[in-house]
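Below is one structure, written out as structure tokens; comments come after it.
We did not get these values from a lab; they are worked out from the coordinates using the rules stated. Everything quoted here is computed from the prediction, not taken from an experiment. Cβ placement follows ideal geometry from the backbone for every residue including glycine, while neighbour counts extend to all protein chains displayed.
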2 protein chains.
Amino acid sequence: MKNIKLTLEYDGTNYQGWQKQKIGETIQGTLERAIEELIKEEVEVTGSSRTDSGVHAKGFIANFKTESTIPSNKFREALNYRLPEDIVILKSEEVSDDFHSRYSAKGKTYSYSIINRDVPSAIYRNYYYHVKKKLNTEAMEEACKYFIGTHDFNAFKSSGGSVKTTVRTITDLHIEHSGDIIKIYVTGDGFLYNMVRIIVGTLIMVGNNKIKPCKIKDIIDSKDRKKAGNCVPANGLILEEVYY
Amino acid sequence: MKNIKLTLEYDGTNYQGWQKQKIGETIQGTLERAIEELIKEEVEVTGSSRTDSGVHAKGFIANFKTESTIPSNKFREALNYRLPEDIVILKSEEVSDDFHSRYSAKGKTYSYSIINRDVPSAIYRNYYYHVKKKLNTEAMEEACKYFIGTHDFNAFKSSGGSVKTTVRTITDLHIEHSGDIIKIYVTGDGFLYNMVRIIVGTLIMVGNNKIKPCKIKDIIDSKDRKKAGNCVPANGLILEEVYY
């Protein structure tokens, strides 16, 4: 048995997220079908994250085990030939038998893109969240530093999903700002359900001067979901990279 | 009669170009319908350029004349409410009666985006042309300078369309290069049919070391379409700005 690791880019706009569902197309389902067509055996593809409907990825990691004799690096081309154009395999390689794309992950970087102007973007409407009111990005940048470190992020978690602990470590959270475009990058050892999107929603409240940057500490300490900001839409979110 | 100038952003992916056709959705047709629904009178909308199917715009200019009493700056919001999300009015304003979005134009800037890596982009597939072989961007940059100036660009024009002269002036042509992304920006007083896409196709031949940069002068002087490169796909092309 070989263990094949795939690095994927995908546009999540037309999918019901990564994980297979009873109804609707998913990335996992589409990828499994393409692999099964290729190797003529049933496979179970494991993913690094359960990205939600509409979330995109530039460096999603998946793996599957196979008896196939296809050279590991040839899966890329053979699968890209079979996949729709909104899912692209960037790399395929053999990894050790104990590699598991989710359990072996040591950290992840996500980005969230905002277009901050009067009107939404026509061209990038599936990739940028539109915020009309001018955001105070300096205040948002100041707020970022309060998130960094090891904290109980229960206030930044949507209900649903079962986790042993709501403690996570954020190693980086910063903002890149160019013209009307604001990009928020966050890196951590793992993220709770909707955690990135709730952090962004809270940073937007800071940018609207509704929360002072220094209040972030109190919100984290409260562990109270109601104290944090809204969960912003999925379309602005991109899984950038997974670390092992 | 008021003369209303509109600045538009649009994603051309799902349209048969700007100009109304007997069959298929166009930007012009969609915009005229939205205006007519709003003001309950027939209008003819004039556009700054006849962008082809799949070409995008960040700063397309259109104008129309109307008896409507709607304040000029309110057309933006009222039309965005009626337009599909892949067409967005950025600005609406009253201009003098003799303003004509095409004939009054003094110049235009286009950009063309290339993703230069082994595999295409899943996320930006409608906006980046995929070139697999590594391009020599230094040679491409050197080639750019031969295009700048006033020349007969007959070698860089697809057949079709009627023009009095094939002489045009290019005031700027330069390349921005970041990671896998190559963006080519060109500014001129006007462009022949497919001229930008043929210039890009020729620059790609330079980037593939099939044409030496200094040979661009000979190609221009030949006025022979067969000497220049291919017309690259529409999806990488964006009309950035129109100058008056």
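Each of A:PHE60, A:LEU31, A:THR7 was placed along the dipole of chain A (beta-carbon charges, centred on the mean Cα), and the one lying farthest toward the positive end is A:PHE60.
Kirkwood hydrodynamic radius computed over region A:107-243 comes to 14.9 Å, based on all pairs of distinct alpha carbons.
Remark: the B:HIS100-B:LYS22 segment gains 25.6 nm on full extension, using 0.36 nm per residue and subtracting the alpha carbon distance.
Sorted largest first, the principal axis extents computed over the alpha-carbon atoms of region B:121-173 equal 42, 28, 17 Å.
In plain terms, the bigger the Kirkwood radius, the slower the diffusion; for chain B, with that radius from Cα pairs, at 25 °C and 0.890 mPa s, Stokes-Einstein puts D at 130 µm²/s. In sequence order, region B:214-222 has phi-based couplings of 5, 6, 4, 4, 4, 5, 4, 4, 5 Hz under the Karplus curve 6.51 cos²θ - 1.76 cosθ + 1.60, θ = phi - 60°, and Gly or Pro positions carry x. The simple spin-label model puts a point 7 Å past each Cα toward its Cβ; for A:ARG82 and B:GLU85 those points are separated by 3.2 nm. The angle between the Cα long axis of helix A:27-39 and the longest principal axis of the Cα atoms of chain A comes to about 20 degrees, rounded to the nearest 10.
For chain B, the longest principal axis of the C-alpha atoms and the axis of helix B:195-207 are separated by about 30°. For the residues of B:81-90, the average number of beta carbons from a partner chain within 10 Å of their own beta carbon is 3. With respect to chain A, whose longest principal axis is taken over its alpha-carbon atoms, helix A:137-147 is tilted by about 70°.
Normalised by the number of residues in chain B, what is the relative contact order in percent for Cα pairs under 8 Å and 6+ residues apart?
It comes to 24 percent, rounded to a whole number.
Farthest towards the positive end of the charge dipole of region A:99-244, among the residues A:PHE99, A:ILE175, A:ILE219, is the Cα of A:ILE219, using unit charges on the Cβ of Lys, Arg, Asp and Glu. Roughly how big is region B:2-95's charge dipole about its Cα centre, with Cβ charges of +1 (Lys, Arg) and -1 (Asp, Glu), in debye to the nearest 20? It works out to roughly 180 debye.
A convex hull fitted around the alpha carbon atoms of region B:1-142 yields 132 Å³ per residue. Ranked by the mean number of other Cβ atoms within 10 Å of their residues, highest first, the peptides B:211-217, B:192-198 come out as B:192-198, B:211-217.
At a 10 angstrom cut-off on C-beta neighbours, averaged per residue, how do the peptides A:112-120, B:154-162 rank from highest to lowest?
Numbers: A:112-120: 19.2, B:154-162: 15.4.
Final packing ranking: A:112-120, B:154-162.
Which percent of the Cα-Cα distances in the protein assembly as shown go past 43 Å? In whole percent, the share of Cα-Cα pairs in the protein assembly as shown beyond 43 Å is 26.
Remark: B:THR69, A:THR13 ranked as B:THR69, A:THR13, counting other beta-carbon atoms within 10 Å and listing the fewest first.
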